[in-house]
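Encoded as structure tokens, the structure appears first; notes follow it.
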Amino acid sequence: MSGHHSNRDFFSSKFGVIAATAGSAIGLGNIWRFPYVAGENGGGAFLLIYLGFILIIGIPVMLSEFIIGRSAHRNVFGSFRKLAPGKPWYIIGLMGVVAAFMILSFYTAVAGWTLEYLYQSITNGFEGLTSTELQEMYYSFIGSPVRPLLWFFVFMGLTGYIIMAGVQKGIEKYSKILMPLLVVLLIILVIRSLTLPGAAGGVQFLFKPDFSKITTKTILEALGQAFFSLSIGMGTLITYGSYIQKKDRLESTAVSVAVADTLVAVLAGLAIFPAVFAFQIEPNSGEGLVYITIPNIFQQMHGGYFFSILFFVLLGVAALTSTISVLEVIVAFFVEELRIKRSAATWLATVSVSILGVMCVLSTSSMSFFRIFNFTVFDLMNFGSANIFLPLGGFFIVIFVAWFLGREQVGKELSHNSKHKSGFIPFFMFVIKFLAPVAIAFIFLQGVGLIKFS
Ligand code: PFF
């Protein structure tokens, strides 16, 4: 084997990098997960803490992942093995692969719901339903096994199909068109939602921080959501970073993606919460929040039929550009470490994820009795990946870059054809050496109850 990686793909342009990375970041995490997690954790204060975490932890971790991936040109496990031969850092890589399994299993289940809702939009299934009936519709859908299973497999199949085809030439192209369209559509929804009678309560809920609602669990949830939403902490961006050409700047990519991701989350909040208050739904009603609220808004809109279809198509696309990025973590790992063909690796990954995935899908129906630490499988994958695996991974990733790779290697990746060496690298080093890891460790240990401070 030679040291050249002629068989490795590269993103064709910087815009391609941003589209693919933003495609990974922007997804169900922004539109489905953010509103209900914010809703369960008090709204405004949660948002504020979340924004803080994106800035002081999210962007530094993202940049660290890019640095690792582009230095090594390997999958997440191989990257650590190559950069730190003979040292146990590869365990972070293995954790990343485990996290990818966890996320893909429950995430694809939710992505499948999007297809059901697309189907309902097309067949006019929401027509004339009241807010209560829409809630019932959601619970009866997830409460029976067959259709959610069917949609799960459809979505898993789509994800596998794209990955097998060799990734970016298709999806990279579509992301560039469809992601901006999603934003336009969200803005239309925001306007409709804000002009519903009683909308003001929702805006207040999202923007007026009530710090009495903040607990250590809220803070951990905000951290977990930041990691989840940015696709960081498990090596997705190490894998994508390994496809970035040396001429492309990493800093500006990280900042653009973080800004786009945050804007979409805030817009989703502005689409959902005014409607939640207008239709008198409980803001903390959990995973169904978006699937109940969005059809409700469309019921109140001229052209709701049309927009509803468009919305669920785009939500599906947003989810798909995220699921492929997670599957790519596993497939790149299988291809490079097991030395098997991409097609075989894709099959192996898709089938093995599906076993866990089926358990997630059935968590709201036939398997709802099955609990681990009192969590259903779905809840365990959802809560455990975002709030435990990703922060833990992020912690070790920044530590690795700061204390093991070191400033020189960081400088090599960041100041490539750079004009602004100035204060940035020392500042970044300070953040990843001290600020980010200390903050993550502190929040994590508090959140899981291992330390008690204050
Ligand atoms: N960031 C995606 C979202 O917000 O929907 C979810 C995700 C994708 C998480 C890829 C983690 C990941 F590696």
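The values are calculated or read from the model by the stated rules, or taken from the named source; none is laboratory data. These figures come from a predicted structure and were not determined experimentally. Backbone-built Cβ (ideal geometry, glycine too); neighbour counts: all protein chains shown.
Criterion first (modelled with pLDDT of 95 or more and within 15 Å of the chain's Cα centre (by Cα)) does residue 99 satisfy it?
Working: modelled with pLDDT of 95 or more: yes; within 15 Å of the chain's Cα centre (by Cα): yes.
Judged against the criteria, residue 99 is a match.
Kindly establish whether residue 343 is part of a helix (DSSP H, G or I), touching a residue at least 60 places away in the same chain (Cβ under 8 Å), buried (at least 21 other Cβ atoms within 10 Å of the Cβ) and hydroxyl-bearing (Ser, Thr, Tyr). Lay out the reasoning, then the answer.
Details: part of a helix (DSSP H, G or I): yes; touching a residue at least 60 places away in the same chain (Cβ under 8 Å): yes; buried (at least 21 other Cβ atoms within 10 Å of the Cβ): no; hydroxyl-bearing (Ser, Thr, Tyr): yes.
Considered against the rule, which asks whether it is part of a helix (DSSP H, G or I), touching a residue at least 60 places away in the same chain (Cβ under 8 Å), buried (at least 21 other Cβ atoms within 10 Å of the Cβ) and hydroxyl-bearing (Ser, Thr, Tyr), residue 343 comes out as no.
Select from segment 16-33 the residues that are within 9 Å of the ligand (Cβ to nearest atom) and among the β-branched types (Val, Ile, Thr) and list them in ascending order.
Answer for segment 16-33, where residues must be within 9 Å of the ligand (Cβ to nearest atom) and among the β-branched types (Val, Ile, Thr): 26, 31.
Go over the candidates 184, 203 one by one and state the one that is at pLDDT 90 or above, more than 16 Å from the ligand (Cβ to nearest atom) and surrounded by fewer than 24 Cβ atoms within 10 Å (Cβ to Cβ). Walk me through how you get there before you give the answer.
Working: 184 fails: at pLDDT 90 or above.
Among 184, 203, only 203 is at pLDDT 90 or above, more than 16 Å from the ligand (Cβ to nearest atom) and surrounded by fewer than 24 Cβ atoms within 10 Å (Cβ to Cβ).
So for segment 128-145 (the condition being closer than 22 Å to residue 287 by Cα and either modelled with pLDDT under 90 or within 16 Å of the ligand (Cβ to nearest atom) (or both)), does at least one residue qualify?
Initially, segment 128-145 is screened for residues closer than 22 Å to residue 287 by Cα, giving 129-145.
Narrowing further to those that are either modelled with pLDDT under 90 or within 16 Å of the ligand (Cβ to nearest atom) (or both): 131.
Yes - at least one qualifying residue is present in segment 128-145.
Can you tell me which residue among 356, 320, 310 is within 13 Å of the ligand (Cβ to nearest atom) and either part of a helix (DSSP H, G or I) or within 27 Å of residue 127 (Cα to Cα) (or both)? Talk me through it step by step, then tell me what you get.
On the way: 356 fails: within 13 Å of the ligand (Cβ to nearest atom); 310 fails: within 13 Å of the ligand (Cβ to nearest atom).
That would be 320, the only listed residue that is within 13 Å of the ligand (Cβ to nearest atom) and either part of a helix (DSSP H, G or I) or within 27 Å of residue 127 (Cα to Cα) (or both).
Could you tell me which residue of segment 396-410 is surrounded by the fewest Cβ atoms within 10 Å (Cβ to Cβ), considering only residues that are farther than 14 Å from residue 66 by Cβ and more than 16 Å from the ligand (Cβ to nearest atom)?
Restricting attention to segment 396-410, the residues satisfying the condition of being farther than 14 Å from residue 66 by Cβ are 396, 399, 402-404, 406-408.
Of the ones still in play, those that are also more than 16 Å from the ligand (Cβ to nearest atom) are 399, 402-404, 406-408.
Numbers: 399: 19, 402: 22, 403: 11, 404: 15, 406: 12, 407: 15, 408: 7.
Out of the qualifying residues, it is 408.
Would you check if residue 335 is free of Cβ contacts under 8 Å to residues at least 12 places away in the same chain, part of a helix (DSSP H, G or I) and more than 16 Å from the ligand (Cβ to nearest atom)? Full working, then the answer.
Details: free of Cβ contacts under 8 Å to residues at least 12 places away in the same chain: no; part of a helix (DSSP H, G or I): yes; more than 16 Å from the ligand (Cβ to nearest atom): yes.
It is false that residue 335 is free of Cβ contacts under 8 Å to residues at least 12 places away in the same chain, part of a helix (DSSP H, G or I) and more than 16 Å from the ligand (Cβ to nearest atom).
Can you find even one residue in segment 186-209 that is more than 20 Å from residue 294 (Cα to Cα), of a type in the set (Ser, Thr, Tyr) and in a helix (DSSP H, G or I)?
no
Pull up segment 57-91, narrow it to residues that are among the hydrophobic types (A, V, I, L, M, F, W, C) and within 14 Å of the ligand (Cβ to nearest atom), then point me to the one that is farthest from residue 383 (Cα to Cα). Spell out the reasoning first.
Of segment 57-91, the ones among the hydrophobic types (A, V, I, L, M, F, W, C) are 57, 59, 61-63, 66-68, 72, 76-77, 80, 83-84, 89, 91.
Okay, now just the ones that are also within 14 Å of the ligand (Cβ to nearest atom), so 61-62, 66, 76.
Numbers: 61: 20, 62: 21, 66: 25, 76: 22 Å.
Going through the qualifying residues, I end up with 66.
Rundown of residues vs (1) among the aromatic types (Phe, Trp, Tyr); (2) within 18 Å of the chain's Cα centre (by Cα), yes/no style:
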| position | (1), (2) |
| --- | --- |
| 201 | no, no |
| 215 | no, no |
| 227 | yes, yes |
| 235 | no, yes |
| 242 | no, no |
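Residue 255: more than 16 Å from the ligand (Cβ to nearest atom), modelled with pLDDT of 90 or more and not in a loop (DSSP other than H, G, I, E, B), yes or no?
Details: more than 16 Å from the ligand (Cβ to nearest atom): yes; modelled with pLDDT of 90 or more: yes; not in a loop (DSSP other than H, G, I, E, B): yes.
Yes: the conditions hold for residue 255.
Quick check on segment 251-282: of everything there that is of a type outside the set (Ser, Thr, Tyr), surrounded by fewer than 22 Cβ atoms within 10 Å (Cβ to Cβ) and within 24 Å of the chain's Cα centre (by Cα), which residue is farthest from residue 116 (Cα to Cα)?
Across segment 251-282, the extreme among qualifying residues is 251.
More than 16 Å from the ligand (Cβ to nearest atom), touching a Gly at 6+ places or on another chain (Cβ under 8 Å), in a helix (DSSP H, G or I) and at pLDDT 90 or above: does that describe residue 238?
Values: more than 16 Å from the ligand (Cβ to nearest atom): no; touching a Gly at 6+ places or on another chain (Cβ under 8 Å): yes; in a helix (DSSP H, G or I): yes; at pLDDT 90 or above: yes.
Taking the combined requirement at face value, the residue does not satisfy it.
If I ask for residues that are of a type in the set (S, T, N, Q) and crowded, with 20+ Cβ neighbours inside 10 Å, which ones from segment 136-166 would you list? Spell out the reasoning first.
To start, the set of residues in segment 136-166 that are of a type in the set (S, T, N, Q) comprises 140, 144, 159.
Listed by number, the list holds a single entry, 159.
Please find, within segment 215-235, the residue that is nearest to residue 329 (Cα to Cα) out of those that are touching a residue at least 40 places away in the same chain (Cβ under 8 Å) and away from the ligand (no atom under 16 Å from the Cβ). Working first, answer last.
So in segment 215-235, the residues touching a residue at least 40 places away in the same chain (Cβ under 8 Å) come out as 216-235.
From the residues that got through so far, the ones that are away from the ligand (no atom under 16 Å from the Cβ) too are 216-220.
Numbers: 216: 31, 217: 29, 218: 29, 219: 28, 220: 25 Å.
Taking the candidates together, the pick is 220.
Taking the condition more than 14 Å from the ligand (Cβ to nearest atom), more than 26 Å from residue 293 (Cα to Cα) and part of a helix (DSSP H, G or I), does residue 363 pass?
Working: more than 14 Å from the ligand (Cβ to nearest atom): yes; more than 26 Å from residue 293 (Cα to Cα): no; part of a helix (DSSP H, G or I): yes.
Judged against the criteria, residue 363 is not a match.
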